[in-house]
Amino acid sequence: EGNAQHLAIATEALVLRLLCRRTNLYVASIVSHGLYSIVALLLLRDLTGTSRPDVPLFNTTGITMLWSIATILVAALNLPRGGLRRFYVYAAHFMSMAWVLHQFSRLSNGQAIVTMIWGVDGVTLLVVGLRRANRYLRTLGLVTLLAVVGKLFLVDLASVPAIWRILLFIGFGAVFLALSYWFMSLDRSRSSASRDAE
């Protein structure tokens with residue numbers, strides 16, 4: 001029951017997904033997707049529930065949810081390239097963002113911690129996506145940063161203490177300014193490289 005059942009279903013879905021990659025069994029592939037649908041529903045139930053952990057990260061529900069999210073990501077990496085793989089990656093990413101919110105929101109200044117974690121995540125995805133010319137990582141990073149900006153204005157302005165609000169707005173302003181300068185220099189270097197190639 002509860003976390004043990006959740007862990008068992010997530011582990012079984014992952015094992016089936018890995019077997020499908022080795023054997024190309026169509027029925028096992030369908031069953032693994034069905035089990036991942038159940039895992040997603042269990043995650044949504046736990047993430048939207050009213051109970052919040054007193055100790056973030058080191059609680060059985062949090063570890064169970066993190067394992068389920070990790071199995072979704074591993075399954076995505078074992079799927080062929082295409083829309084289904086991207087769907088799994090996006091689902092794992094947004095559930096991990098919800099997991100961070102679930103785990104840290106009850107701490108004092110927890111909302112500020114969540115915003116910082118989301119911001120680092122978004123900037124990392126955006127920079128890696130640009131350096132590797134990966135459109136999907138770049139899009140995921142931009143969407144994450146948009147969620148950070150929305151959270152700053154809709155949640156943090158009302159619930160975060162004044163000193164944290166000031167630090168968050170100054171910090172993210174500096175990050176966005178640095179990113180814009182980096183984008184301009186990247187664009188200039190690409191345009192000069194294309195001119196040299198001609």
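The values are calculated or read from the model by the stated rules, or taken from the named source; none is laboratory data. Since the model is a prediction, treat every value here as computed from it, not as a measurement. No Cβ is skipped: glycine too gets one built from the backbone with ideal geometry, and neighbour counts run over all protein chains shown. Ligands, DNA and RNA are excluded from the accessible area calculation, which covers all protein heavy atoms including side chains. Shrake-Rupley method; radii C 1.70, N 1.55, O 1.52, S 1.80 Å.
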* To do: Tabulate in residue order the Karplus-calculated ³J(HN,Hα) for segment 130-144, using 6.51 cos²θ - 1.76 cosθ + 1.60 with θ = phi - 60°, rounded to whole Hz; enter x for Gly and Pro.
  => 6, 5, 9, 6, 9, 5, 6, 5, 4, 5, 4, x, 5, 5, 5
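On a full-extension model of 0.36 nm per residue, what is the gain between Leu186 and Leu66, subtracting their alpha-carbon distance, rounded to one decimal in nm?
39.6 nm is the gain from fully extending Leu186 to Leu66.
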* Asked: Per-residue accessible area for Trp67 at 1.4 Å probe radius, Å² rounded to 10?
  -> 100
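Per residue, how much accessible area does the chain have with a 1.4 Å probe, in Å²?
Each residue of the chain exposes 59 Å² on average to a 1.4 Å probe.
Let me check something: with ligands and nucleic acids excluded, how do Asp121, Asp156 order by accessible area (1.4 Å probe), largest to smallest? Walk me through the numbers on the way to the answer.
Values: Asp121 45, Asp156 0 Å².
Listed by decreasing accessible area, they come as Asp121, Asp156.
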* Kindly report, to the nearest 10 Å², the accessible surface of Ser108 as traced by a 1.4 Å probe over protein heavy atoms only. => 100
* To do: For n ≥ 4 DSSP H runs only, could you compute -39500 (n - 2.57) per run for the chain, divide by its residues and tell me the 222 nm figure to the nearest 500?
  => -28000 deg cm²/dmol
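Given R₀ = 35 Å, FRET efficiency for Ser108-Leu19 by Cβ-Cβ distance, to 0.05?
On the way: r = 46 Å, r/R0 = 1.31.
Efficiency at R0 = 35 Å is approximately 0.15.
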* Asked: For the pair Phe169 and Leu146, how long in nm is the line joining their label points, each one 7 Å along Cα→Cβ?
  -> 2.3
* Structure fact -> P(r) of segment 27-129 over all Cα-Cα pairs, 5 Å bins starting at 0, rounded to whole percent, reads 2, 12, 20, 23, 19, 13, 8, 3, 1, 0
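Would you mind telling me the share, in percent, of accessible area of the chain contributed by carbon and sulfur at probe 1.4 angstrom? Write down the numbers at each step before the final one.
Numbers: 7840 of 11580 Å².
Here carbon and sulfur together make up 68 percent of the probe-accessible area.
Stretch Phe153-Thr11 to full length: gain in nm at 0.36 nm per residue minus the Cα-Cα span? Don't skip to the answer; put the middle values down first.
On the way: separation 142, 0.36 × 142 = 51.12 nm, distance 3.85 nm.
Contour length minus the Cα-Cα distance gives 47.3 nm.
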